[in-house]
Amino acid sequence: QVQLVESGGGLVQPGGSLRLSCAASGSIVSIKSMGWYRQAPGKQRELVAAITSGGSTNYADSFKGRFTISRDNAKNTVYLQMNSLKPEDTAVYYCNADAVWRREYWGQGTQVTVSS
């Protein structure tokens, strides 16, 4: 079993930055990759970025250049650095873990609101 806890969301002005954190616990070695997704009101949940256990990263095209995913293995934590935030980035951001044997885990989500 894997547990994921997100933090770092909040209210930020347009053009500002936030860093989201996702702390993993439990069967850490079972995780193949982790990612960040977001879901805005009335919209489908969409992939933002993912990072594998080997450190390879993948970004959805719309987020390249502004968002950066990283990890700290010593802390069992992945991060999403978000820069140049826009009101359109307002959403609930979810941490995801893709584990062995087709197991998948989700965090509870953290709200990001970009507004003046």
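The values are calculated or read from the model by the stated rules, or taken from the named source; none is laboratory data. The shown structure was predicted, so the numbers you read here are calculated from the model rather than taken from an experiment. Quick reminder, even Gly has a Cβ in these numbers, built from the backbone with ideal geometry, and neighbours come from all protein chains shown. Keep in mind that these areas ignore ligands, DNA and RNA; they rest on the heavy atoms of the full protein, side chains included. Shrake-Rupley method; radii C 1.70, N 1.55, O 1.52, S 1.80 Å.
Residue-level check: of (1) open to solvent by 80 Å² or more (accessible area, probe 1.4 Å); (2) touching a strand residue (DSSP E or B) at 6+ places or on another chain (Cβ under 9 Å); (3) at positive phi, W101 misses just (2). Mind checking whether some residue in region 58-67 is open to solvent by less than 60 Å² (accessible area, probe 1.4 Å) and of a type in the set (K, R)? Scanning region 58-67 turns up at least one residue that is open to solvent by less than 60 Å² (accessible area, probe 1.4 Å) and of a type in the set (K, R). Restricting region 13-60 to residues that are part of a strand (DSSP E or B) and among the hydroxyl-bearing types (S, T, Y), the residue that is farthest from N83 (Cα to Cα) is S25.
In the set S84, S33, which member is in contact with a Ser or Thr (Cβ under 9 Å, 6 or more places away or on another chain), in contact (Cβ under 8 Å) with a residue 40 or more places away in the chain and within 22 Å of G15 (Cβ to Cβ)? Matching residue, one of S84, S33: S84. Here the condition is being out of contact with any helix residue (DSSP H, G or I) (no Cβ under 8 Å at 6 or more places or on another chain) and within 22 Å of Q3 (Cα to Cα); of Y93, Y59, it holds for Y93 alone.
Residue check: is A74 open to solvent by 30 Å² or more (accessible area, probe 1.4 Å), out of contact with any Phe, Trp or Tyr (no Cβ under 9 Å at 6 or more places or on another chain) and either under 16 Å from W106 (Cβ atoms) or part of a loop (DSSP other than H, G, I, E, B) (or both)? In short, no. The listed residues are L47, L4, and the only one of them that is free of Cβ contacts under 8 Å to residues at least 24 places away in the same chain, surrounded by 14 or more Cβ atoms within 10 Å (Cβ to Cβ), closer than 15 Å to G107 by Cα and not β-branched (V, I, T) turns out to be L47.
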